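Notes to accompany the following structure.
Values quoted throughout were computed directly from the atomic coordinates according to the rules given, and no laboratory measurement underlies them. Please read all numbers here as calculations on a predicted model, not as lab measurements. FYI the Cβ positions are ideal-geometry reconstructions off the backbone, even for glycines, and counts take in every protein chain you see.
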Amino acid sequence: MCYHIVPNYYSFVARQVHKVADEIIMDFTDQINLLESKYQKVVKDLYTQLTPIQLLHIACHPNRPTFLDHVLNITDKWVELHGGCAAYDDPAIVLGIESIDGKSYMLIGHQKGRNTKEHIQRNFGMLTPHGYWKTLNMMKYADHHRFPIITFIDTPGAFSDLRSEELGQGKAIAFNLRAMFGVKIPIVTVVIGEGGFGGALAIGCANKLYMLENSVFYVASPEACAAILWKTSQEAPKAAEKLKNTATKLCNLKIADGIIPELLGGARINPSHGGIYSLQFFACVIWSWGMDKDSLLNMRHMKFWVLRGFVEGEHVEPEIKRNMKKKEADVSQVTTDICWGWRRKKTIIT
């Protein structure tokens, strides 16, 4: 992407000066510090003025940390679980049990790949119905054993091929949505990349929703939205502005409950670092609520109940379109008028 050229230039020059200084044994400390300060300033200015479509590109960057990167770098007591009542173990969803301070938690997350081979193996993080049934079974397991659930969202949406539709993709998502509003344990969701369509919401009906600084959460991708509204995907930047799918805007709309900061330049700069957070933070949030079943269910229901309201603005007159084709006359109405006129004329003559 073109907006990475300038900071990369300063970084490249700083590395070259380091190399030359080592070869000729001279002190270039001042010059190096000046270049590094310019690099940091340019990167900071750049990443504080990104447009929504640019943030989407960062959220979908191939080097962005995946769910397993986050889990394996912030914990060392992770046991992955497989199987379920589904026909096969969907690799696009990964789940397991994590222990923090002697207490167990169920972690569930979409998993993407790093290269083409891994992307195909993980189906680009898009779940089939088997993946949703697998998730549903593990959520029931966590509910039975009173394990709080932490979900990580990073998917462009559910897999919508013909076979998935035949197996009941919509039904599987609907069952997950219903189940998440009924489990009597705390649920926290973190959007670590992109969260698209019902495929993301199927594991996102939580008591609290947090987003990484450069993540996005949307009901339709900007390209799909532009194709529907303006009949061309070239209007994707305009659609991204209207969708308000960034972490900051969703926090202002009270859809997201908090923003987790990333390293300057995005989490992809250091995949082993991810977001500046730890599972201990979520553990403190979860146990601060208590484990009263009715209170947890009420909190979850109210979070989504308040989102249904909206405030109407001032009345706006519809735009009058010019150079439109004349509306074709209603043939049935014309026929009725002619018949009525003929009958009336015949009555007068008689």
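Data table
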| item | result |
| --- | --- |
| Region 77-132 and region 162-195: distance between their alpha carbon centers, rounded to Å | 14 Å |
| Chain lengthening between Asp294 and Lys249 when straightened (0.36 nm per residue, less Cα-Cα) | 13.1 nm |
| Within region 185-199, backbone nitrogen closer than 18 Å to the virtual label 7 Å beyond the Cα of Asp161 toward Cβ | 199 |
| Projected label distance in nm at Arg146 and Asn270, using a 7 Å step from Cα toward the beta-carbon | 3.9 nm |
| Normalised per residue, the volume of the convex hull around the Cα set of region 136-221 (Å³) | 85 Å³ |
| Kirkwood Rh, Cα atoms: Rg over Rh of region 63-306 | 0.94 |
| Nonlocal amide H pairs with Val190, under 5 Å, H built at 1.01 Å | Thr151, Phe152, Ile153, Tyr210 |
